[in-house]
Amino acid sequence: MAYQTLIVEITDHVALIRLNRPEALNALSGQLVSELAAAMKAADADADVRCIVLTGSEKAFAAGADIKEMASKSYVDVLTGDLFGPEIEVIQRVRKPVIAAVAGYALGGGCELAMMCDFIICADNAKFGQPEINLGVIAGIGGTQRLTRFVGKSKAMDMNLTGRFMDAAEAERSGLVSRVVPADKLLDEAMGAAKKIASKSAIAAMVAKEAVNRSYETTLREGLLYERRAFHALFATEDQKEGMSAFAEKREAQFRDR
Ligand code: CO8
């Protein structure tokens with residue numbers, strides 16, 4: 001499918017989805033968000049794709065929702081139109097692993113979009129922020145909820161109330177990102193991680209993603225039980241037999257997603 005605000009390439013079982021509105025620092029317009037939901041859904045359904053990388057440009061992952069597009073909307077418009085609601089639901093439902101590769105600005109909805117991915121690898125020039133307070137509003141797709149779970153209440157309050165940006169070093173220190181790399185190595189690092197994931201059992205990867213995400217939704221006791229049952233269930237797969245036999249036979253496992 002041809003997109004106007006995205007570039008999508010598939011190599012070595014990895015779908016690389018690049019946000020592409022350079023004139024607006026990849027601001028999330030209605031068109032971009034609906035194309036992104038469609039591209040994510042397509043990658044999730046494509047049997048050739050085993051991992052997804054979402055990225056922007058060197059200057060901006062995304063500078064937030066498109067302020068110019070939103071500015072004149074009324075409460076009734078955003079409520080009845082459920083601004084971004086259906087598309088965000090689609091993105092959150094992707095079952096394959098999704099890595100955010102963030103360089104430059106990840107602000108407002110851009111920071112929230114990165115946090116919707118399974119983990120974030122960022123460039124050393126990355127800047128994260130929830131500056132919606134400067135516009136007389138607040139975050140709307142996870143900036144008060146996911147960010148608090150990532151970095152704790154104090155930093156989340158600081159960022160949401162002052163609108164200040166967090167640099168890459170602070171983001172790594174705070175647990176917002178898993179790795180920081182030089183800007184010119186960002187895509188190599190993210191694609192390398194994605195190819196590594198793509199070489200594993202897709203069933204185990206899907207179940208691992210579900211289990212980690214479950215930890216946000218439930219108590220520790222319930223989460224541990226869920227994890228144990230999911231672990232038990234993987235013994236019904238051929239990939240478990242293959243993975244454990246390959247270890248014992250000192251060879252590379254050949255996973256077949258069965
Ligand atoms: N929306 C629309 N256009 C934007 C946005 C944006 N978020 N960000 C940048 N642009 C445009 C600029 O207007 C400018 O366009 P033009 O050249 O036509 O004037 C172009 O991109 C380049 O931007 P700047 O000239 O401002 O570049 P600078 O390098 O000087 O500054 C900044 C970069 C600091 C990133 C600056 O552009 C900025 O502050 N941007 C806005 C950041 C922001 O406030 N983001 C939050 C937006 S609100 C939000 O995300 C809410 C999400 C929740 C949705 C909830 C739905 C339920």
Query raised in the report: Which residues, taken from the range 131-158, are among the hydrophobic types (A, V, I, L, M, F, W, C) and within 12 Å of the ligand (Cβ to nearest atom)?
Result: I133, L135, V137, I138, A139, I141
Query - Unique match (being among the hydrophobic types (A, V, I, L, M, F, W, C) and more than 26 Å from I197 (Cβ to Cβ)) among I138, I91, I121, I99 - result: I138
Query raised in the report: Is it the case that E89 is closer than 29 Å to N125 by Cα and either touching a Lys or Arg at 6+ places or on another chain (Cβ under 6 Å) or within 12 Å of the ligand (Cβ to nearest atom) (or both)?
Result: no
Query raised in the report: Which one of the conditions (1) outside the structural domain of D44 (by the TED database); (2) crowded, with 18+ Cβ neighbours inside 10 Å; (3) aliphatic (A, V, I, L, M) does L176 fail to meet, given that it meets all the rest?
Result: (1)
Query raised in the report: Mind checking which residues of the range 75-86 are under 26 Å from the mean Cα position of the chain (by Cα), aliphatic (A, V, I, L, M) and assigned to a helix (DSSP H, G or I)?
Result: V78, L79
Query raised in the report: Counting just the residues of the range 1-32 that are hydroxyl-bearing (S, T, Y) and within 22 Å of M191 (Cβ to Cβ), which one comes out surrounded by the fewest Cβ atoms within 10 Å (Cβ to Cβ)?
Result: T11
Requested in this report: Pull up the range 53-74, narrow it to residues that are more than 12 Å from the ligand (Cβ to nearest atom) and over 17 Å from the mean Cα position of the chain (by Cα), then point me to the one that is nearest to K96 (Cα to Cα).
Outcome: E58
Report summary line: Note: among S154, S178, just one is over 21 Å from L28 (Cβ atoms) and within 14 Å of the chain's Cα centre (by Cα), namely S178
Query raised in the report: Only one of (1) more than 22 Å from L83 (Cβ to Cβ); (2) of a type outside the set (D, E, K, R); (3) away from the ligand (no atom under 12 Å from the Cβ) fails for F165. Which number is that?
Result: (3)
Requested in this report: Would you check if there is a residue in the range 120-137 being without any contact (Cβ under 8 Å) to a residue 24 or more places away in the chain and surrounded by fewer than 22 Cβ atoms within 10 Å (Cβ to Cβ)?
Outcome: yes
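The values are calculated or read from the model by the stated rules, or taken from the named source; none is laboratory data. Note that the coordinates shown come from a computational prediction; the quantities given were computed from them, not determined experimentally. All Cβ positions, glycine included, derive from the backbone under ideal geometry; neighbour counts span all protein chains shown.
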